[in-house]
Ligand SMILES: [Zn+2]
């Protein structure tokens, strides 16, 4: 039995493959991460291991569907300061809170806000190096939604840099394949954001004022089906640009600073 089990779960997700990967880490004092639903495969991993803990990378709906089913018999951990959000998303009262740097079973908690305010990653030392369960922080291909109102672009960039600085050997994301080149992938995601930020800034400087006009100007690709996500991402970029003093933004309209 592998120390880390990765179990794809069908979930109501906007991720391209329609699935969220749950993970079970360890054999004893094991940790269940992101039970997106209850499935036979997850039941099997749950039963063959001594699962003592349940944690989430964050409380978005496509990560929590199985929390109530698997909570019994485990210690349920929520990120400190986000207990109400945890309760609202899962219907389960957390037994404990954890903070950045705490240990849960064999995992180390790494607060990585940005995609969601309560986002955390979990590092685990493996015989072949460090793996980090990154939730929705990173994907092997494409990019992650960091959308207003709850997405925070500056925090997201800091979180990407933080994990890159740790220099782990593997990233285990909630969506898409395992990432074997963390440094390259995290650098790609950082550059992707900075490139988009530049496009948003240039769109405002060229006269775009409201988020729809900025979205039209800042994206070249066809946004059919994902326009709402792109627009929310543009607003998150505008909020960061305003905080950096590069644009003026009143929540509805942007102007050059
Ligand atoms: Zn998410």
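The values are calculated or read from the model by the stated rules, or taken from the named source; none is laboratory data. Small disclaimer: the values here were computed from a predicted structure and weren't measured. Don't worry about glycine lacking a Cβ; one is built from the backbone with ideal geometry, like all the others, and counts go over all protein chains shown.
Filter the stretch 65-88 for residues that are closer than 24 Å to residue 149 by Cβ and surrounded by fewer than 20 Cβ atoms within 10 Å (Cβ to Cβ) and give the result.
80, 81, 83, 84, 85, 87, 88
Go through the stretch 125-146 and report how many residues are on the phi < 0 side of the Ramachandran plot and buried (at least 22 other Cβ atoms within 10 Å of the Cβ).
9
If a residue must be within 16 Å of the ligand (Cβ to nearest atom), within 16 Å of residue 233 (Cβ to Cβ) and in contact with a helix residue (DSSP H, G or I) (Cβ under 9 Å, 6 or more places away or on another chain), how many such residues does the stretch 156-171 contain?
So the count comes out to 2.
Among the residues in the stretch 92-101, are any modelled with pLDDT of 95 or more, within 16 Å of the ligand (Cβ to nearest atom), assigned by TED's automatic domain parsing to the domain that holds residue 33 and buried (at least 21 other Cβ atoms within 10 Å of the Cβ)?
no
To keep it simple, each residue is scored yes or no on (1) within 25 Å of residue 97 (Cα to Cα); (2) touching a helix residue (DSSP H, G or I) at 6+ places or on another chain (Cβ under 7 Å).
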| site | (1), (2) |
| --- | --- |
| 173 | yes, no |
| 179 | no, yes |
| 188 | no, no |
| 191 | no, no |
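Limited to the stretch 199-229, what total is found for residues that are surrounded by 13 or more Cβ atoms within 10 Å (Cβ to Cβ), in contact with a helix residue (DSSP H, G or I) (Cβ under 9 Å, 6 or more places away or on another chain) and assigned to a loop (DSSP other than H, G, I, E, B)?
3
Based on this model, can you work out whether residue 145 counts as in the same structural domain as residue 100 (by TED's automatic domain parsing), within 16 Å of the ligand (Cβ to nearest atom), assigned to a loop (DSSP other than H, G, I, E, B) and in contact with a strand residue (DSSP E or B) (Cβ under 6 Å, 6 or more places away or on another chain)?
Taking the combined requirement at face value, the residue does not satisfy it.
Identify the single condition in (1) more than 14 Å from the ligand (Cβ to nearest atom); (2) modelled with pLDDT of 95 or more; (3) touching a strand residue (DSSP E or B) at 6+ places or on another chain (Cβ under 8 Å) that residue 126 does not satisfy, given that it satisfies every other one.
Against the list (1) more than 14 Å from the ligand (Cβ to nearest atom); (2) modelled with pLDDT of 95 or more; (3) touching a strand residue (DSSP E or B) at 6+ places or on another chain (Cβ under 8 Å), residue 126 comes up short only on (2).
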